[in-house]
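A short worksheet on the structure shown next.
The values are calculated or read from the model by the stated rules, or taken from the named source; none is laboratory data. Note that the structure is predicted; figures quoted are calculated from it, not measured. Here the Cβ is made from the backbone with ideal geometry for all residues, glycine too, and neighbour counts use every protein chain on show.
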Amino acid sequence: MQATHRQAASGDGPRHALWLRVLVRNRLLHFVVLGGSIFAIAPRVQAPDTIVINQSALQAMERAEAQRLAVPRLSEEQAREVRYRAVSDEVMYREARRLGLDRDDPVVRQRLIQKVLFLAQDLAGASAAAGDDELRRFFESTRAQWTRPARARFLHVYAGPARRDWLTGLKAEAVSLETQRPGMPPSLGDAFPLSRKVDATREVIASDYSDSFAEAVFTQPLGSWQGPVRSKHGWHLVKVIERDEGGTADFDDVRGKLPLHYLVARKKEITRDFLRGAASRYRIEVRGEPAAAVQTARALPRNVEVD
């Protein structure tokens with residue numbers, strides 16, 4: 001009898017050790033135990049919290065879902081799914097806050113920073129359209145940054161990289177044909193993928209043809225056929241009709257660009273003012289040293305990206 005008990009006991013020992021090793025190595029079990037512990041120690045709701053999904057919010061969700069599905073209206077089943085998601089999302093949001101998951105999270109932190117920034121800009125009317133008077137004042141205060149790019153208008157006849165001499169022989173005919181139809185490119189030369197009548201900035205000309213070609217266009221005499229001039233495509237006969245060396249822009253030159261630049265500057269100004277006022281409510285230390293609130297607020301907008 002005693003021998004039987006000893007055999008059973010000796011058999012239980014290896015089985016217990018085996019189960020213990022399984023429990024130690026089971027990651028899923030660890031996750032369940034850890035998750036259960038978090039929920040167990042999380043603060044309890046003192047009284048049942050009320051979740052209310054109001055009618056207007058629900059209708060907005062249903063309209064958005066109908067638009068996503070490209071249907072005029074949701075079926076009853078689809079509407080139930082929207083209601084289910086609305087409630088389940090709110091429950092998970094409340095649970096996340098109860099568990100403290102919104103604290104010390106860099107993603108949540110950045111979203112809150114963005115939300116405060118957008119709120120400050122919206123309350124200050126950053127998105128309001130600027131009138132002509134405001135845009136003119138902005139233009140005058142930033143006049144130094146507005147320039148008119150160098151620009152040229154020209155005609156050309158093209159020949160491939162190995163046909164320079166052949167193109168040279170076409171110059172007299174190019175002059176004759178263009179005289180008959182002033183301002184129109186002669187129907188001569190090889191096929192070319194770009195237009196033979198060009199009106200573009202120096203930057204675009206350099207990009208489309210080459211820097212040396214752009215240099216020739218901006219230095220050769222006006223009103224006469226010159227060349228051959230080499231580009232990255234081959235050879236060209238070129239007649240420059242008009243050229244503008246660029247310079248300081250007038251209001252009308254940049255009128256179309258001003259609203260966006262004004263909006264960006266306005267948002268930066270609002271952000272700077274908001275931060276200056278907000279920073280004054282805090283005692284700020286940087287690397288253990290006191291920092292002046294105004295100086296800190298002035299530096300902060302450099303790291304703010306404006307849409």
Legend entry - T168 vs. criteria farther than 20 Å from D244 by Cα, of a type outside the set (K, R), touching a Pro at 6+ places or on another chain (Cβ under 8 Å) and modelled with pLDDT under 95: yes
Legend entry - Pairs, first assigned by TED's automatic domain parsing to the domain that holds S141 in the stretch 269-287, second surrounded by 17 or more Cβ atoms within 10 Å (Cβ to Cβ) and not in a helix (DSSP H, G or I), C-beta under 7 Å, six or more apart: I270/A126
Inset, instruction - Among what's in the stretch 185-237 and is on the phi > 0 side of the Ramachandran plot and in contact (Cβ under 8 Å) with a residue 24 or more places away in the chain, pick the residue that is surrounded by the fewest Cβ atoms within 10 Å (Cβ to Cβ). - result: G234
Inset, instruction - Working only within the stretch 125-154, note down all residues that are loosely packed, with under 11 Cβ neighbours inside 10 Å and within 21 Å of H236 (Cα to Cα). - result: none
Legend entry - Those residues of the stretch 86-111 which are part of a helix (DSSP H, G or I) and in contact (Cβ under 8 Å) with a residue 12 or more places away in the chain, in sequence order: A86, V87, E90, V91, R94, R98
Inset, instruction - For the stretch 136-148, state whether one or more residues are touching a Gly at 6+ places or on another chain (Cβ under 7 Å), in contact (Cβ under 8 Å) with a residue 60 or more places away in the chain and more than 18 Å from G227 (Cα to Cα). - result: yes
Inset, instruction - Quick one: in the stretch 182-208, of everything that is β-branched (V, I, T) and assigned to a strand (DSSP E or B), which residue is farthest from V238 (Cα to Cα)? - result: T201
Inset, instruction - Identify the residue in the stretch 264-288 that is surrounded by 18 or more Cβ atoms within 10 Å (Cβ to Cβ) and of a type outside the set (S, T, N, Q) and, among all such residues, is nearest to the chain's Cα centre (by Cα). - result: K267
Inset, instruction - Determine whether Q114 is within 30 Å of R272 (Cα to Cα), in a helix (DSSP H, G or I), in contact (Cβ under 8 Å) with a residue 12 or more places away in the chain and not basic (K, R). - result: no
Inset, instruction - Name the single residue, out of those in the stretch 59-99 being surrounded by 12 or more Cβ atoms within 10 Å (Cβ to Cβ) and basic (K, R), that is farthest from D49 (Cα to Cα). - result: R63
Inset, instruction - Tell me, please, whether a residue that is free of Cβ contacts under 8 Å to residues at least 12 places away in the same chain, of a type in the set (A, V, I, L, M) and surrounded by fewer than 13 Cβ atoms within 10 Å (Cβ to Cβ) can be found in the stretch 169-184. - result: yes
Legend entry - Any hit, the stretch 155-165, residues being closer than 14 Å to V238 by Cα and not in a strand (DSSP E or B): yes
